[in-house]
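Have a look at the structure below, then the notes.
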Amino acid sequence: MDYAAIKLDIANDVATLTLNRPDLKNALNVQMRAEITHAVKAAEHQARVLVMGGAGDAFCSGQDLGDGGNAANLDLERTLRDEYVPMLKAIFDCKIPTICAVHGAAAGAGANLALAADVVIAADEAYFLQAFTRIGLIPDAGGTYWLPRQMGAAKAMGAALFGDKITGRQAADMGMIYESVPLAVFDRHVATRALHLAQGPTATYARVKQAIRGSFDNTLDEQLAVEAKLQGECGKTRDFQEGVMAFLEKRPAKYEGR
């Protein structure tokens, strides 16, 4: 598929998906949402890690309110149900690890698009903004799901009600994202993180995601049973055998993702 609103590059088992409307700070329109959904599903079969980022000086400014004419006439329920949900689910359910690399602004739906990834790495100077109440809306695009789970209910409520900017460093400190780094080393750091996952035990990573996400709905006994089951599956993989041999032979493991 030829993309117009995004770019997708795959090299060394790393798929790089770039939101590519820099003149509009990568605002999400109908075409971009459809292309992201398609690209994520394609990448999980062609790479071992997916990195999402934005072209220009922002990650994503959120919904393109000029898309489709008068914003007041937008059918927001339909747009979220038919366009955002497939995109967010594609990212959340992706079989390979996903990293969102945030520099500049991640605002509104753009902030919550970032939080759909497994790991968010931001530049210290980047910022996240739940801008919804500024125009009379509630956080959407998964914001009311991810924010309380990652920030805690008190911080999530404040972020949603006040719409304050949260810098990359602040977001990392409060557990909203995994880490932030200075902008000067941002690209290199993200590339290093991506390569680490691309060279790792891919099937194990999928089970890590399954176990951690499912834990919120389980009792301790139920989660211990999940761990035992998934660990048993990991123990039958080629990568587990390679990991043990590499440990015993005191050499780096050469994982194949199987």
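No lab work stands behind these numbers, since they all come straight from the coordinates. Everything quoted here is computed from the prediction, not taken from an experiment. Neighbour counts run over all protein chains shown; Cβ positions are idealised from the backbone, glycine included.
Brief remarks follow.
- Rounded to 5, percent antiparallel among DSSP beta bridges of segment 1-127: 25
- From phi via Karplus (6.51, -1.76, 1.60), per-residue ³J(HN,Hα) for segment 201-218 in Hz, x at Gly/Pro: x, 4, 5, 5, 4, 4, 6, 4, 4, 4, 5, 5, 5, x, 5, 5, 9, 10
- Counted by neighbouring Cβ atoms within 10 Å, the residues I135, I99 run from fewest to most as I135, I99.
- At q = 0.20, 0.24, 0.27 Å⁻¹, base-10 log of I(q)/I(0) for segment 202-248 (Debye sum, equal scatterers on each alpha carbon): -0.67, -0.83, -0.94
- Helix 238-248 and the longest principal axis of the Cα set of the chain meet at an angle near 60°.
- Within-13-Å neighbourhood charge of A131 [Cβ basis; K, R +1; D, E -1]: +1
- Relative contact order (percent, whole number), segment 20-97, Cα cutoff 8 Å, 6+ residue spacing: 47
- Centre separation in Å (Cα based) which lies between segment 1-61 and segment 125-192: 20
- Mean sequence separation of contacting Cα pairs (under 8 Å, at least six apart), scaled by the length of the chain, corresponds to a relative contact order of 15 percent.
- Between helix 30-43 and the chain: long-axis angle, C-alpha atoms, 0 to 90°, nearest 10: 0
- Set the Cα radius of gyration of segment 148-258 against 2.2 N^0.38 Å, with N its number of residues, and you get 1.41.
- Estimated from helical segments only, the mean residue ellipticity of the chain at 222 nm is -13000 deg cm²/dmol, where each DSSP H run of four or more residues counts as -39500 (n - 2.57).
- Computed from backbone phi with θ = phi - 60° and the Karplus coefficients 6.51, -1.76 and 1.60, the 3J(HN,Hα) list for segment 121-135 is 10, 10, 6, 3, 7, 5, 8, 10, 9, 8, 7, 4, 5, 5, 10 Hz; x is used for glycine and proline.
- Distance between the pseudo-spin-label points of N218 and K7 (7 Å out from Cα toward the beta carbon): 4.1 nm.
- q = 0.11, 0.15, 0.17, 0.23 Å⁻¹: log10 I(q)/I(0) that the Debye formula gives for segment 31-125, counting C-alpha atoms only: -0.33, -0.60, -0.76, -1.25
- Taking a Cβ cut-off of under 12 Å around A184, the surrounding Lys, Arg, Asp and Glu residues balance to a net charge of -2, with basic ones at +1 and acidic ones at -1.
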